[in-house]
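Peer 1: The structure that follows is given in the form of structure tokens.
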Amino acid sequence: MEFQPLYIAWAIGFLAVGLGLGALLFRSKARKELEAATKEAQRIISEAQLAAENLKKEKLLEAKEEILRQRNELEKQHLQRQKQLEQNEMRLRRSEQSLNQKIEQVQRKENELDQIRQTLNRQLELVSMKRTELEKQQEEYTSRLESIAKITQQEAKAQLVESLKAQAQSEAMAYVKETLDEAKLRASKEAKKVIIQTIQRLAAEQSIENSVSTFHIESDDIKGQIIGREGRNIRALEAATGVELIVDDTPETIVISCFDPVRREIARLALQRLVADGRIHPARIEEVVAKTRKQIEDHIVETGERTVVELGIHGMHPELVRLVGRMKFRSSYGQNLLQHSREVANLCAIMAAELGVNVKLAKRAGLLHDIGKVSDEDPELSHALLGMKLAERYNENPAVCNAIGAHHDEIEMQYIISPIVQACDAISGARPGARREIAEQYIQRLKDLEKLALSYDGVEKTYAIQAGRELRVIVEADKVNDKQAEELAFLLAQRIQNEMTYPGQIKVTVIREKRAVSIAR
């Protein structure tokens with residue numbers, strides 16, 4: 001037990017020695033690691049500096065290359081500009097040389113002209129001197145002749161002029177007679193040739209309109225509704241439309257009498273609407289007539305615009321276009337005026353082309369030649385003079401105005417298209433079938449009209465009524481609905497307009513009704 005403190009002391013001593021040795025070892029190791037880290041850091045720094053130097057050198061090289069490239073491009077551009085400048089200078093020099101040459105040539109020509117002018121002046125002086133001498137000699141000779149012939153110069157001139165005039169008149173009359181005979185013969189042949197070629201080239205379309213002044217009703221019971229209590233309905237209708245309605249004992253017929261075809265058409269359409277509607281009283285009559293009049297006016301303008309567009313006529317005044325549309329509701333000797341005017345326009349165009357005259361001007365004059373028939377102004381004037389007055393008012397070409405006024409020889413013809421319009425008007429009015437229609441053709445047209453409607457599915461019956469001015473189509477309610485009925489009416493109207501020839505207008509009415517029938521036994 002007495003040795004324990006000694007052991008403890010030794011242990012502590014050894015422990016202290018160990019700790020000291022460990023500390024020494026740790027310090028030496030830390031120093032080595034620090035030195036190694038320092039060396040590594042220095043190595044990294046040196047490598048980074050080396051990489052930075054290399055990168056710097058590469059960037060400098062790239063910058064130098066870019067500078068060299070831009071310098072080369074600038075040098076190329078400079079060379080190109082220098083070449084362009086040199087070329088421009090060469091062109092300017094050549095132009096200057098050519099101008100100098102031209103100036104020299106002009107100067108030479110001026111010198112030559114001066115020389116020629118001087119020569120001419122000398123010659124003129126010589127001529128004037130000779131003329132003076134000749135005049136003196138002529139005076140001497142004249143005085144000698146007057147003394148010998150015992151007649152003055154003025155009397156001799158008068159006798160010579162009279163003799164020459166008589167001889168020239170006789171020869172001129174013979175020449176004129178011979179020329180006129182030859183011209184008449186040739187003109188007759190050429191005119192016949194042109195007219196025959198024109199008629200052969202014209203696709204002659206039927207131009208007839210039967211003027212219908214009657215309104216057909218389904219039953220005489222409707223007459224009482226149209227007349228109204230104490231005649232108030234018929235008086236209201238006559239006052240609103242300006243026509244006279246004649247309701248007599250004629251079965252299923254009401255006569256519409258009016259000199260104005262437009263008013264007669266308005267009355268007919270309004271009466272048709274009222275009868276179809278069933279509500280006939282003065283207020284309703286005024287409303288329907290107003291709507292019908294607006295519809296007719298719109299239709300007139302649309303017809304006029306479509307006509308001038310189809311004929312290729314441009315720049316016409318809107319009032320003249322409206323009057324052209326009014327022609328559709330006017331007939332002359334049974335011939336529809338609009339169709340007649342269109343036919344005359346086409347004839348004038350063909351004949352003008354044959355004669356080498358302005359085709360557009362001739363076509364314009366042909367369309368407007370009867371424009372005075374549809375105007376209410378100055379009834380004392382003839383339609384030709386009234387049409388000329390209207391054309392002048394709306395700034396038409398003077399040749400067109402003269403052709404309109406002269407197509408019935410009421411004024412003198414002053415332009416070449418005036419006789420063309422007159423001839424074409426006579427051709428259109430006098431050709432066979434223009435102003436009368438064979439019954440078989442009329443019946444065939446109505447049959448074709450009904451046959452056209454029967455070609456559609458769902459159509460049960462068709463009736464061409466009012467002398468072919470209305471087509472009523474009855475469809476089967478099970479196969480055609482209301483929308484399809486409207487489409488069918490539109491398609492039929494388009495096909496009739498495009499495929500058939502007819503006077504005036506044709507109304508297409510598609511009727512669809514559903515009937516339920518049951519029998520009680």
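Peer 1: Check Glu380 against each of (1) outside any loop (DSSP other than H, G, I, E, B); (2) farther than 22 Å from Gly315 by Cβ; (3) not hydrophobic (A, V, I, L, M, F, W, C) and name the one condition it does not meet.
Peer 2: Going through the list (1) outside any loop (DSSP other than H, G, I, E, B); (2) farther than 22 Å from Gly315 by Cβ; (3) not hydrophobic (A, V, I, L, M, F, W, C), Glu380 breaks only (1).
Peer 1: Here's something else I'd like to know. I'd like to check something: does region 275-292 contain any residue that is farther than 30 Å from Arg229 by Cα and of a type in the set (Lys, Arg)?
Peer 2: no
Peer 1: Lys130 - would you say it is outside the structural domain of Ile417 (by TED's automatic domain parsing) and at pLDDT 75 or above? Talk me through it step by step, then tell me what you get.
Peer 2: Numbers: outside the structural domain of Ile417 (by TED's automatic domain parsing): yes; at pLDDT 75 or above: yes.
Yes: the conditions hold for Lys130.
Peer 1: Taking the stated definitions as given, is Gly356 assigned by TED's automatic domain parsing to the domain that holds Ala391, closer than 25 Å to Pro419 by Cα, without any contact (Cβ under 8 Å) to a residue 12 or more places away in the chain and surrounded by fewer than 23 Cβ atoms within 10 Å (Cβ to Cβ)?
Peer 2: In short, yes.
Peer 1: For region 389-419, enumerate the residues that are assigned to a helix (DSSP H, G or I) and under 25 Å from the mean Cα position of the chain (by Cα).
Peer 2: Leu390, Ala391, Glu392, Arg393, Pro398, Ala399, Val400, Cys401, Ala403, Ile404, Ile417
Peer 1: Name the residues in region 258-301 that are touching a strand residue (DSSP E or B) at 6+ places or on another chain (Cβ under 7 Å) and among the charged types (D, E, K, R), would you?
Peer 2: Hits for region 258-301 are Arg264, Arg268.
Peer 1: Look at region 441-484 and say how many of its residues are farther than 20 Å from Gln272 by Cα, out of contact with any Ser or Thr (no Cβ under 9 Å at 6 or more places or on another chain) and small (Gly, Ala, Ser).
Peer 2: 3
Peer 1: Could you list, in sequence order, all residues of region 304-336 that are in a loop (DSSP other than H, G, I, E, B) and within 15 Å of Gly366 (Cβ to Cβ)?
Peer 2: Result: Leu311, Gly312, Ile313, Met316.
Peer 1: Check region 331-350 and report whether any residue there is closer than 30 Å to Asp298 by Cβ, among the charged types (D, E, K, R), surrounded by fewer than 24 Cβ atoms within 10 Å (Cβ to Cβ) and at pLDDT 85 or above.
Peer 2: The answer is yes; a qualifying residue exists.
Peer 1: Right, another one. How many residues does region 246-303 contain that are assigned to a strand (DSSP E or B) and basic (Lys, Arg)?
Peer 2: 0
Peer 1: Among the candidates Gln70, Gln77, Gln42, Gln49, which residue alone is surrounded by 10 or more Cβ atoms within 10 Å (Cβ to Cβ) and under 60 Å from the mean Cα position of the chain (by Cα)?
Peer 2: Being surrounded by 10 or more Cβ atoms within 10 Å (Cβ to Cβ) and under 60 Å from the mean Cα position of the chain (by Cα) holds for just one of Gln70, Gln77, Gln42, Gln49, which is Gln77.
Peer 1: Is it the case, given these coordinates, that Leu6 is assigned to a helix (DSSP H, G or I) and either surrounded by 10 or more Cβ atoms within 10 Å (Cβ to Cβ) or charged (D, E, K, R) (or both)?
Peer 2: Here the answer is no, as Leu6 does not meet what is asked.
Peer 1: Return the only residue of Ala276, Ala283 being within 42 Å of the chain's Cα centre (by Cα) and in the same structural domain as Gly325 (by TED's automatic domain parsing).
Peer 2: Answer to the selection: Ala276.
Peer 1: Check Ala434, Ala464 and return the single one that is farther than 26 Å from Pro318 by Cβ, touching a strand residue (DSSP E or B) at 6+ places or on another chain (Cβ under 7 Å), modelled with pLDDT under 80 and outside any helix (DSSP H, G or I). Explain how you work it out, then say what you get.
Peer 2: Numbers: Ala464 fails: modelled with pLDDT under 80.
None of the others qualify; the one that does is Ala434.
The values are calculated or read from the model by the stated rules, or taken from the named source; none is laboratory data. Only a predicted model underlies this, so the values are computations on that prediction, with no experimental measurement involved. Backbone-built Cβ (ideal geometry, glycine too); neighbour counts: all protein chains shown.
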